[in-house]
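The block underneath contains the structure these notes are about, expressed in structure tokens.
Where a number appears in this text, it was derived from the coordinates with a stated rule and is not lab data. All values reported here derive from a predicted model rather than from experimental measurement. Please note: Cβ atoms are built from the backbone with ideal geometry, for glycine as well, and neighbour counts cover all protein chains shown.
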Amino acid sequence: MNKLFLGILIGAFLPLMAGYLFVVSGGMPVATKGGPLPLEHFIVKKALHAAYKNDLNLQAPFELTGDRVAHAALLYKNNCGGCHGISNRENLMAKGMFPPAPQFYQPNMDVKDDPIGEIHWKIKNGIRLTGMPGYIDILKEDDLWELSLFLKNGEKIPEEAQK
């Protein structure tokens, strides 16, 4: 029985010690130019999906029409454009982020295929360790939905509002 206990203890201790040594020896990439850890993309994608899965079927409480379009464009410009880009302009700040912030309003870079509930969840809650802040304590709920609809319907937004 003692050998079994000793085996379990060593089996638990060695991976923890190896992880600690990996971190304190500088092996853990913390700079934005460092690559992802093994399995990082897989684990983060699974965890993120599990976090927002209950919100996938949410629907916006209103449509993005009239004054809401202009307001949503202003919200995007003031809160999102610095990282996610504005009207087909290259965004240099996003190049220095890890992972890079998706560049909306660029060819093939939009969220129109994402469920509106997922978009809303990401804006509201943010995504840890990506630079994406959560706006739950910054914007009103209607503002969160306006931004969500603005991103979801990006190709349908009048050019005037996109400018």
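The set of residues in region 1-59 being surrounded by 10 or more Cβ atoms within 10 Å (Cβ to Cβ), among the small types (Gly, Ala, Ser) and within 26 Å of Glu141 (Cα to Cα) consists of Ala47, Ala51. Of all residues in region 43-90, those satisfying the criterion of being in contact (Cβ under 8 Å) with a residue 40 or more places away in the chain and hydroxyl-bearing (Ser, Thr, Tyr) are Tyr52, Tyr76, Ser87.
Scanning region 1-37 for residues that are part of a loop (DSSP other than H, G, I, E, B) and over 21 Å from Met97 (Cβ atoms) turns up Met1, Ser25, Gly26, Gly27.
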